[in-house]
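Colleague: Submitted below is the structure of interest, expressed as C-alpha cells.
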Amino acid sequence: HKRLALVMAWWIPGCRNVTNEIEIRPGKDDSDEEIGDAVKLVLAKDPLIHTDQMMIHVRQGDVLLYGLIGTEEEKYIAAQDVWYIEGVRNVANRLDVEQQPESVTPTALN
C-alpha cells in the first residue's frame, strides 16, 4: 500500500515531487515478489492502460515488462508507472504495441 500511495501521488496533475514518509513496522527488505505484487497492483489501478496481455518479471529489483499493449502511449505510461514504485532499480520495457486492423472505408456499390 505504501508503494501504491506513492504512485497515486505522482498521478496528480501538476505534481513535481513526492516524498513518501510512510513507515512500515517492522521494516522489511524488498523482495522481488513484493515488488512484483506492487507492479501488478499499480498497473491494474491505472485507468489509462490495459494489462490484459501484459506480463512482468522481477529480478533483484529489475522489472521486465513484456507482452502486448494497445498503444504507444500505454506502453510509455506503463513504464513510467513502474519507475515510480519504490524498490525498482531498472525497467526494461519490451511491450509490443498490438497492431490495430486498418479501417475499411465503405465504397458505393454499383
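The values are calculated or read from the model by the stated rules, or taken from the named source; none is laboratory data. Note that the structure is predicted; figures quoted are calculated from it, not measured. Counting neighbours? That spans all protein chains shown, and the Cβs are built from the backbone with ideal geometry, glycine included. Accessible surface is based on the protein model in full, side chains and every heavy atom, while ligands, DNA and RNA are left aside. Shrake-Rupley method; radii C 1.70, N 1.55, O 1.52, S 1.80 Å.
Colleague: Just read off the accessible area of LYS2 with the full protein assembly in place, 1.4 Å probe, to the nearest 10 Å².
Modeller: Around 50 Å² of this residue is reachable by solvent.
Colleague: Here's another thing I want to ask about it. Whole-Hz ³J(HN,Hα) for each residue in the range 40-49, computed from phi via Karplus 6.51 cos²θ - 1.76 cosθ + 1.60 with θ = phi - 60°, x for glycine and proline: what do you get?
Modeller: With the stated coefficients, the range 40-49 comes to 4, 5, 4, 5, 5, 7, 6, x, 8, 10 Hz.
Colleague: Still on this model: Could you list which residues have their amide H under 5 Å from that of GLY70, counting only those 5 or more apart in sequence or on another chain, with H placed in the peptide plane?
Modeller: Placed amide hydrogens put HIS50, GLU98 under 5 Å from GLY70.
Colleague: For ASP96, put the label point 7 Å out on the Cα→Cβ axis and report which residues of the range 46-70 keep their amide N under 14 Å from it.
Modeller: Those under the cut-off are 53-55, 66-70.
Colleague: Hey, another quick one. Please compute the length gained on full extension between ALA5 and GLU33, using 0.36 nm multiplied by the number of residues separating them and subtracting their Cα-Cα distance.
Modeller: Separation in residues times 0.36 nm, less the Cα-Cα distance, equals 8.2 nm.
Colleague: Using per-residue counts of other Cβ atoms within 10 Å, averaged over each peptide, order 62-68, 47-53 from highest down.
Modeller: 62-68, 47-53
Colleague: Here is a follow-up. Output wanted: per-residue J couplings in Hz (rounded whole) for the range 87-99, from phi through Karplus 6.51 cos²θ - 1.76 cosθ + 1.60, θ = phi - 60°, x for Gly and Pro.
Modeller: Computed from phi, the couplings for the range 87-99 are x, 7, 9, 7, 10, 9, 9, 10, 6, 9, 7, 5, 6 Hz.
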